[in-house]
């Protein structure tokens, strides 16, 4: 069975990253977490990486004001650590074209709504859940998709439906969707590892 070599990009808490790392450690996911990069030097994702003994780096526009140099730095670290699959785990920055081209078809993201609904620029985090509740949707849930040059437009690899309850607030819906994100992301990656999903 092929083993995925994962490189993570995360900006804040990194809870999806942790769920994937835990799945690797428990044997549910045939993958190796190789490297973590954050554009936020204070992100919990970097703390998690340190605790897990995974190489980690702060790479941001502060250090690399030229977007081309920023892309180059990300690619260099991922290449150095043998990354073949890039995992966006709450990365709050649009990926540069050079990174997308270098790992074309091997970059995954998770979105907190059932794409193609409630995707696109500005649709992230609580903005998504607010829009779902306002539209009186019956269901929401996470989507794992491939990343291309357009926000949330890449091929959908997996989804999980979460009912929207009549008394849901943004916070309660967000919490239930996040719980399913932690289940879905490792599941989709395992299907890639076994060849059930071809990317």
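The numbers here are math on the coordinates, done by the rules we state, and not lab data. Please read all numbers here as calculations on a predicted model, not as lab measurements. Reconstructed Cβ throughout: ideal geometry from the backbone, glycine too, with neighbour counts over all protein chains shown.
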Inset, instruction - From 20, 54, 74, grab the single residue that is within 19 Å of residue 142 (Cβ to Cβ) and either in contact with a strand residue (DSSP E or B) (Cβ under 8 Å, 6 or more places away or on another chain) or loosely packed, with under 14 Cβ neighbours inside 10 Å (or both). - result: 20
Inset, instruction - Scan segment 85-107 for residues that are touching a strand residue (DSSP E or B) at 6+ places or on another chain (Cβ under 7 Å) and either under 15 Å from residue 35 (Cβ atoms) or free of Cβ contacts under 8 Å to residues at least 12 places away in the same chain (or both) and jot them down. - result: 85, 86, 87, 88, 89, 91, 103, 106, 107
Inset, instruction - Would you please name the residue that is farthest from the chain's Cα centre (by Cα), looking only at residues in segment 77-90 that are surrounded by fewer than 16 Cβ atoms within 10 Å (Cβ to Cβ) and over 23 Å from residue 191 (Cα atoms)? - result: 80
Inset, instruction - Given the conditions (1) outside any loop (DSSP other than H, G, I, E, B); (2) within 24 Å of residue 155 (Cα to Cα), report the number of the one that residue 91 does not fulfil. - result: (1)
Legend entry - Subset of segment 132-147 that is within 9 Å of residue 113 (Cα to Cα) and in a loop (DSSP other than H, G, I, E, B) - its residue that is farthest from the chain's Cα centre (by Cα): 141
Legend entry - Breaking point among (1) touching a residue at least 12 places away in the same chain (Cβ under 8 Å); (2) not in a helix (DSSP H, G or I), for residue 65: (1)
